[in-house]
Amino acid sequence: MTKQISFAKPKFRKFLLLGVLSILFAGCQTMALYNFEGLKAPQVIIPPDVKTIGFVDRNLSFDSDTLSDYYKLNLITYKDTASYDEIRALNCHLGFSENISEYFSLDSVSYIRLPEQHISGERKYDPVLWEQIDSICNETGSDILVCLEDLQIFNEFETILGEESWGITDVKYFVVWRIYDPLLKKYHDTRIIADSLYTEVSAYSYDRLMKEKMPSRQKINADVSYEIGRNYADLISPQWVSFTRKYFISGHQDFSLASYYLNNNSIDQAMEVWKKHVESDDKKLAGRASYNLALAYELKEEFQEASHWARRAIKKYQELEKEPKEFKFVKEYYKELISRTQNDYLLDKFFGKEKTE
C-alpha cells in the first residue's frame, strides 16, 4: 500500500508512553509524578476461546448511495464516475487485520466479499441469516465474523490562494459494524460510527497544489477506509496506555528514601517505608502514607488492596479537624482506582481468567 495521507483526527485519542519518574516542582514539593504503562481493556470483549476471525464485506447498496459519487471543490459539486466500493472494503480489511492486537495470536484475518445486494426504500441493516453465517465460517475456517455492514465516505475540497496556496480536504464518513458469533448465535457488537477527518497541504504554485499535493479521490477512499478498519481493531483489542499519578514525597524524611526506591523500581522497599507511618498519630501523615501504599498496590496491579488503602487514606483525612486541599485529590484518586478495577475485570474476561477471591 502506498504512503497514507496524514489525516488530523481531533476525536481520536493518542497516548505517549513515558514510563519515567519526575518531580513536580511546585510550592514546597509536596508531591511527585510517577508515569507508568497499563493495559486498557477493549470496549468490545471477544470470547477468549476465539482463535480465528473472518472479515466480511456485506456489500450492500442503497438508493441514497449515489451521494457518495459526488464531491465538492470550493462549494461547486462534481460527479465522480469511478466506483470505490471495493477499494474501501479491501483497505478497511487491511487496516483491521494489520492492527488487530497481538493478544489474539492470529496468523491472518480471512476476507470475503458477498455478492452485491441492492436494497430499495428505507436504509436498514437486517442481520445476515445465521445459516449464511455458518456457511461463511465453514468456508473461511472462522470462529466469528467481523462484518462491514456498510461504509460511506464523502469529501469536500477547498483551496485558499495567496503567496502560498493551501488545500484543505474535509472527509465525512459513517460505517456500520456487526460481529457475528455462530456458536452462541450472538452479536458481540453492533454499532454505527460517524466521524470526520481532514488534512491540509500547501504549495507555492496552485498548479502544483492541485496536481501533486491534493489527494485524489481514490487515495482518500483507500486511506480513510484503512483508518476506519484500524480504529475498529482498536475497539476489540487491549491497548497499552500511559498513566500519570501523583504521590507524596513530603511529610516525613522517610518519604524521600521511599521516593528513591520507587524511582529505582524497588516498589516493595518503598512500601515498607510507607507502612511505618500508616498508624501515625499525625493523621495527615498517616493519610499520605496510606495513599502512597494505594499507588504502590496499583503499580503491582493488586487493585483490591489499592482500593483498601485508598479508603484508609480517606478515613484518615476525615479524622482531621480541617480538611486540607490535598484531600480532594485523594478522593479523586479513589474514583480512578474504581475505574481501573473495572478495567481489570474486563481484561480478565478478555483473557478468560477466573477470579479466585
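The values are calculated or read from the model by the stated rules, or taken from the named source; none is laboratory data. Everything numeric here is computed off the predicted structure, so don't read it as measured data. Here the Cβ is made from the backbone with ideal geometry for all residues, glycine too, and neighbour counts use every protein chain on show. Surface accessibility is based on the protein's heavy atoms, side chains included, excluding ligands, DNA and RNA. Shrake-Rupley method; radii C 1.70, N 1.55, O 1.52, S 1.80 Å.
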key: Residue list for the range 196-238, restricted to those being closer than 20 Å to Asn155 by Cβ, of a type in the set (Val, Ile, Thr) and touching a residue at least 40 places away in the same chain (Cβ under 8 Å)   = Thr199, Ile220, Val224, Ile228
Options Ser101, Ser22: the member that is among the hydroxyl-bearing types (Ser, Thr, Tyr), touching a Pro at 6+ places or on another chain (Cβ under 8 Å) and modelled with pLDDT under 95 = Ser101
ask   = Considering the range 239-250 alone, what residues qualify as being open to solvent by 20 Å² or more (accessible area, probe 1.4 Å) and either without any contact (Cβ under 8 Å) to a residue 60 or more places away in the chain or part of a strand (DSSP E or B) (or both)?
value = Gln239, Trp240, Ser242, Phe243, Thr244, Lys246
task = Run down Met210, Met214 and say which single residue is open to solvent by 50 Å² or more (accessible area, probe 1.4 Å), of a type outside the set (Ser, Thr, Tyr) and farther than 30 Å from Val109 by Cα.
result = Met210
task = Show the residue pairs that are 6+ apart or on different chains and have beta-carbon atoms under 9 Å apart, the first residue being within the range 47-65 and touching a residue at least 60 places away in the same chain (Cβ under 8 Å) and open to solvent by 10 Å² or more (accessible area, probe 1.4 Å), the second being assigned to a helix (DSSP H, G or I) and of a type in the set (Val, Ile, Thr).
result = Thr52/Thr140
remark   = How many residues of the range 89-111 are among the hydrophobic types (A, V, I, L, M, F, W, C) and open to solvent by 30 Å² or more (accessible area, probe 1.4 Å)? The answer is 3
note = Ser259 meets each of (1) part of a helix (DSSP H, G or I); (2) surrounded by fewer than 19 Cβ atoms within 10 Å (Cβ to Cβ); (3) hydroxyl-bearing (Ser, Thr, Tyr); (4) out of contact with any helix residue (DSSP H, G or I) (no Cβ under 6 Å at 6 or more places or on another chain) with one exception, condition (2)
request  = Please work out if Phe329 is among the aromatic types (Phe, Trp, Tyr) and open to solvent by 30 Å² or more (accessible area, probe 1.4 Å).
outcome  = yes
request  = Mind listing whichever residues of the range 163-190 are open to solvent by 10 Å² or more (accessible area, probe 1.4 Å), among the hydrophobic types (A, V, I, L, M, F, W, C) and within 19 Å of Ser61 (Cα to Cα)?
outcome  = Phe174
query = Just to be sure, is Glu227 at pLDDT 95 or above, in a helix (DSSP H, G or I) and open to solvent by 50 Å² or more (accessible area, probe 1.4 Å)?
reply = no
ask   = Which of (1) closer than 30 Å to Leu346 by Cβ; (2) part of a helix (DSSP H, G or I); (3) in contact with a Lys or Arg (Cβ under 6 Å, 6 or more places away or on another chain) is the odd one out, the single condition Asn221 does not satisfy?
value = (1)
remark   = Log entry, pairs with first residue in the range 30-41 being closer than 16 Å to Asn265 by Cβ, second being of a type in the set (Gly, Ala, Ser) and buried (at least 17 other Cβ atoms within 10 Å of the Cβ), beta carbons closer than 9 Å, six or more apart or on different chains, reads Ala32/Ser259
